[in-house]
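Enquirer: One structure coming up, written as structure tokens, with questions to follow.
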Amino acid sequence: MKMSSSVNERKRRAISNAVMVVVAVVLMVAGGGVGYFAGAGSGAPVTTTVTAPGATTTVYSITTVYSTGSSTTAATPTLPSSLPAATISETGSTLLYPLFNYWVPGFGATYTNVHINTAGTGSGIGISSAAAGTVQIGASDAYLLPAQMNQYPSLLDIPLAISAQMINYNLPGIPSTTHLNMTGNILAKIYNGTISYWDDSQITAINPGVTLPHQIIHPIHRSDGSGDTFIFTTYLSDTNSWWKTNVGFATSVSFPGIPTAAAYVGNGGMVQGCQATPYCIAYIGVSFMSNTQAAGLGYAYLQNAAGNFVDITQANIQAAAAQMESSTPPNEAISLVYAPGANSYPIINYEYAIVSKTQSDANTALVVRTFLNWCVMPQNGNAPSYLNKVGFVALPSSIATLSYAQIAQIGP
Amino acid sequence: MKAGGSWRRTADRVYALVSALLGSSALLFLFMVLAVLAVFGVPSIIVNGLNFFTTVIWNPGISTTLTTIRGFPAMSGASYGMLVFFSGTLISSGLALLIGAPLSLGVAIFLTSVAPKRLSTSLSFFVELLAGIPSVVFGFWGFLVLAPLLFNYVEPAMAQYLGFIPGVGGPVYGYGLLASGLVLSLMIVPIVSAISRDAMAQTPVELKEAGMALGMTNWEITRKVVLPYAKTAIIGSLVLGLGRALGETMAVVLVSQSALNVLPKTLYYPINTLSAFMAVTFDSALTDPSGMEVNAIAELALVLFIITTTANIVARLLVRRGFISSAEHLVQV
């Protein structure tokens with residue numbers, strides 16, 4: 001009897017000791033976690049803010065950032081005949097994802113011992129993963145904003161190709177061969193609810209000869225963060241001052257809350273959603289043109305900076321890109337939206353690889369440089385055989401040269 | 001003998017320590033998650049204050065301009081309000097419960113009181129199978145089948161014939177509140193019906209026989225004996241189902257239309273929920289150079305965490321009390 005009670009006593013003490021130790025461990029780990037995440041969460045942005053002393057607001061002027069580019073002009077690089085065995089990873093933009101999946105086997109045909117993982121996760125994750133070093137290449141439809149460059153000073157944004165965007169609509173009774181004319185200003189008013197019917201006088205005024213129905217417009221936008229939203233809202237900001245000061249442009253913006261609006265995930269979701277919603281209007285990447293046509297959606301001719309309504313043809317995209325060639329700075333962070341020129345299609349953008357200048361070792365840096373150079377070269381990754389599959393357009397040669405120069409900065 | 005004893009004591013101590021460590025890992029994880037959410041959420045809690053709970057507009061601000069609000073960096077014009085997501089979460093889950101509760105109770109009653117034993121066993125199996133379907137599959141079905149069906153047939157008819165009821169008239173969208181509520185209701189049926197069935201099956205045979213002896217019909221026995229008997233556990237199972245609906249993400253992302261800056265006024269409005277919004281916005285929040293949108297999302301997560309944890313605790317207490325009271329009852333009988 002006594003014996004068993006003392007055994008119980010000992011057992012109880014052992015357990016209480018164990019519990020004490022466990023509680024201590026819990027507190028230590030939780031505390032460590034708090035400390036770690038406090039550093040990552042609120043510390044990092046604070047230390048990188050560049051608020052001028054005395055002022056509470058800092059507006060970054062674009063010129064201050066453009067002066068940071070390297071001045072070394074790299075000629076067309078020569079690719080090594082073989083590479084050391086390596087595995088590198090790419091993640092980010094879902095718009096670039098299909099192209100990477102064409103590029104990787106093409107590259108792998110020459111460099112058989114290099115393995116490249118690809119993932120379509122979204123431009124934001126592409127940028128933050130490249131910054132964190134969890135992947136070597138982040139893919140983004142959006143360039144790095146000045147504030148982001150200050151946040152991640154080691155990141156480069158390197159254009160790999162040029163993409164464009166359609167403005168699609170589902171208008172029963174109007175054949176998809178009839179293309180409506182549309183302006184950025186009117187689109188902004190549709191998306192903020194100022195214009196709510198298809199037969200609004202502002203729309204009919206630029207569409208003579210088309211009988212538009214008296215139906216409510218359903219503006220559709222992306223619910224996930226998207227480079228498409230980035231360039232679409234850039235177009236709206238460039239053409240409508242209310243939009244510029246109240247909503248702005250980003251991969252996801254605070255779209256005005258109007259009950260007739262709708263949102264979908266991904267370009268595929270936008271096609272499906274627009275097809276299911278008569279009298280909708282939507283913005284969809286050009287690589288989905290075969291899908292929008294199969295869904296019976298029409299697309300608009302957009303007004304460019306010269307005032308002309310232009311079709312989304314390869315020639316018009318190239319015309320816009322050519323106009324922006326000379327103003328592209330060495331760091332290549334620039335919007336191509338609303339370019340000057342009579343034929344320029346107004347919503348185009350560079351598709352970027354977001355890469356850190358400092359890779360983990362020399363071999364990785366060599367492989368990343370070789371792969372990116374291969375992607376940009378007109379006889380390799382920028383060949384029509386790759387780009388035509390996704391509706392993209394090749395970089396002009398002077399832009400490719402700027403990309404080579406940026407790629408040359410990648411080192412261990 | 002002595003050495004062996006001390007070795008065994010050490011082994012015993014190690015055993016106690018290791019098992020306690022493993023056993024407390026759940027607690028550890030809970031604290032870690034809470035700590036991370038709290039730390040990430042603090043800047044947003046300070047910057048947004050009470051506005052976070054009272055405003056409709058979720059605005060990360062203008063991406064080209066950084067500013068400082070109450071000592072924290074943010075994009076200019078940033079202001080975060082969770083009302084759209086909070087109300088969407090509660091309304092869609094409430095609707096799911098409204099549709100799912102009678103459905104689940106019907107299933108449970110049929111399985112315990114009406115169906116013959118063999119049918120009941122095999123049917124129970126299928127109901128439980130329903131619980132194992134990943135939510136994205138429900139969402140996929142909702143996106144491809146349910147929402148277009150609602151848009152083309154159900155909602156126009158409802159708006160036309162039941163439009164006199166407030167909130168049922170007006171333009172229809174297909175994807176929105178009704179679709180979300182329906183998909184969520186299907187997802188809570190297995191959990192609610194399984195627990196209710198177990199509670200109802202515990203009704204003592206003597207009570208049922210007493211009912212029969214009094215000449216009660218099958219329906220009267222269910223209504224006057226079985227349901228009162230299992231009442232607390234059934235309510236608990238409903239709250240547990242609510243807990244699942246509150247946190248459901250993927251299915252809602254696919255069928256809700258992810259409303260932004262607008263509150264639902266009819267049954268058909270686009271909506272958004274805390275979890276769905278967190279999932280779809282996180283990517284672009286990472287591009288906010290001030291980091292404030294990530295902080296605001298952490299605060300959303302904190303709110304969701306508190307809501308679902310509360311629902312789960314309440315549900316578990318109710319379910320346990322329900323079963324305990326039935327057991328006590330059994331002893332008395």
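The values are calculated or read from the model by the stated rules, or taken from the named source; none is laboratory data. The structure presented is a predicted model; accordingly, all values stated were derived computationally and were not measured. FYI the Cβ positions are ideal-geometry reconstructions off the backbone, even for glycines, and counts take in every protein chain you see.
Enquirer: Considering each residue of region B:257-292, count those that are more than 9 Å from every other protein chain (Cβ to nearest Cβ) and either free of Cβ contacts under 8 Å to residues at least 40 places away in the same chain or not β-branched (Val, Ile, Thr) (or both), and give that number.
Expert: Here the count works out to 5.
Enquirer: Among (1) within 23 Å of residue B:254 (Cα to Cα); (2) more than 14 Å from every other protein chain (Cβ to nearest Cβ), where does residue B:136 come up short?
Expert: For residue B:136, the failing item is (2).
Enquirer: So in region B:57-78, with the set limited to residues that are part of a strand (DSSP E or B) and more than 7 Å from every other protein chain (Cβ to nearest Cβ), which one is surrounded by the most Cβ atoms within 10 Å (Cβ to Cβ)?
Expert: B:74
Enquirer: So, one more: Being touching a helix residue (DSSP H, G or I) at 6+ places or on another chain (Cβ under 9 Å), more than 25 Å from residue B:128 (Cα to Cα), crowded, with 24+ Cβ neighbours inside 10 Å and of a type in the set (Ser, Thr, Tyr), is that true of even one residue in region B:172-194?
Expert: So far as region B:172-194 goes, yes, one or more of its residues are touching a helix residue (DSSP H, G or I) at 6+ places or on another chain (Cβ under 9 Å), more than 25 Å from residue B:128 (Cα to Cα), crowded, with 24+ Cβ neighbours inside 10 Å and of a type in the set (Ser, Thr, Tyr).
Enquirer: Follow-up question, since we're still on this one. Could you grab me the full set of residues in region A:186-230 that are closer than 14 Å to residue A:256 by Cα, in contact (Cβ under 8 Å) with a residue 12 or more places away in the chain and more than 14 Å from chain B (Cβ to nearest Cβ)?
Expert: Listed by number, the residues that qualify are A:187, A:188, A:189, A:190, A:195.
Enquirer: Counting only residues that are buried (at least 22 other Cβ atoms within 10 Å of the Cβ) and hydrophobic (A, V, I, L, M, F, W, C), give me the helices (runs of 4 or more DSSP H) lying completely in region B:202-256 with at least 3 of them.
Expert: B:231-247, B:250-255
Enquirer: Check B:85, B:126, B:151, B:110 and return the single one that is within 14 Å of chain A (Cβ to nearest Cβ) and more than 20 Å from the chain's Cα centre (by Cα).
Expert: B:151 is the lone residue from the list that is within 14 Å of chain A (Cβ to nearest Cβ) and more than 20 Å from the chain's Cα centre (by Cα).
Enquirer: Does any residue in region A:249-262 that is modelled with pLDDT of 90 or more and surrounded by fewer than 24 Cβ atoms within 10 Å (Cβ to Cβ) come within less than 6 Å, Cβ to Cβ, of a residue that is assigned to a loop (DSSP other than H, G, I, E, B) and among the polar types (S, T, N, Q) six or more places away or on a different chain, and which pairs are these?
Expert: A:256/A:192
Enquirer: Are any residues in region A:372-386 in a helix (DSSP H, G or I), surrounded by 19 or more Cβ atoms within 10 Å (Cβ to Cβ) and over 20 Å from the mean Cα position of the chain (by Cα), and if so, which ones?
Expert: Listed by number, the residues that qualify are A:373, A:374.
Enquirer: Then there is this: Can you tell me which residue is nearest to the chain's Cα centre (by Cα) among those in region A:248-273 that are more than 8 Å from chain B (Cβ to nearest Cβ) and of a type in the set (A, V, I, L, M, F, W, C)?
Expert: A:270
Enquirer: Continuing with the same structure: Are there any pairs, at least 6 apart or on different chains, whose C-beta atoms fall under 6 Å, with the first in region A:272-283 and surrounded by fewer than 24 Cβ atoms within 10 Å (Cβ to Cβ) and the second assigned to a helix (DSSP H, G or I), and if so, which?
Expert: Matching pairs, first to second residue: A:276/B:148; A:280/A:274.
Enquirer: Taking region A:93-120 only, how many residues are under 15 Å from residue A:370 (Cα atoms) and touching a strand residue (DSSP E or B) at 6+ places or on another chain (Cβ under 8 Å)?
Expert: The number of residues fulfilling the criteria is 8.
Enquirer: Hey, can you tell me all the residues within region A:181-211 that are closer than 22 Å to residue A:222 by Cα and hydrophobic (A, V, I, L, M, F, W, C)? If you could, list the steps in order and put the result at the bottom.
Expert: Of the residues in region A:181-211, the ones closer than 22 Å to residue A:222 by Cα are A:182-198.
Selection gives A:182, A:186, A:187, A:188, A:190, A:195, A:198.
Enquirer: Here's a follow-up. Can you name every residue in region B:268-279 that is surrounded by fewer than 24 Cβ atoms within 10 Å (Cβ to Cβ) and either of a type in the set (A, V, I, L, M) or more than 15 Å from the chain's Cα centre (by Cα) (or both)?
Expert: Of all residues in region B:268-279, those surrounded by fewer than 24 Cβ atoms within 10 Å (Cβ to Cβ) come to B:269, B:275, B:278-279.
Listed by number, the residues that qualify are B:269, B:278, B:279.
Enquirer: Same structure, new question: Is there a residue being surrounded by 16 or more Cβ atoms within 10 Å (Cβ to Cβ) and farther than 29 Å from residue B:199 by Cα anywhere in region B:115-129?
Expert: No - not one qualifying residue is present in region B:115-129.
Enquirer: Based on what the data block shows, is residue B:232 of a type in the set (Ser, Thr, Tyr) and free of Cβ contacts under 8 Å to residues at least 24 places away in the same chain?
Expert: No: the conditions fail for residue B:232.
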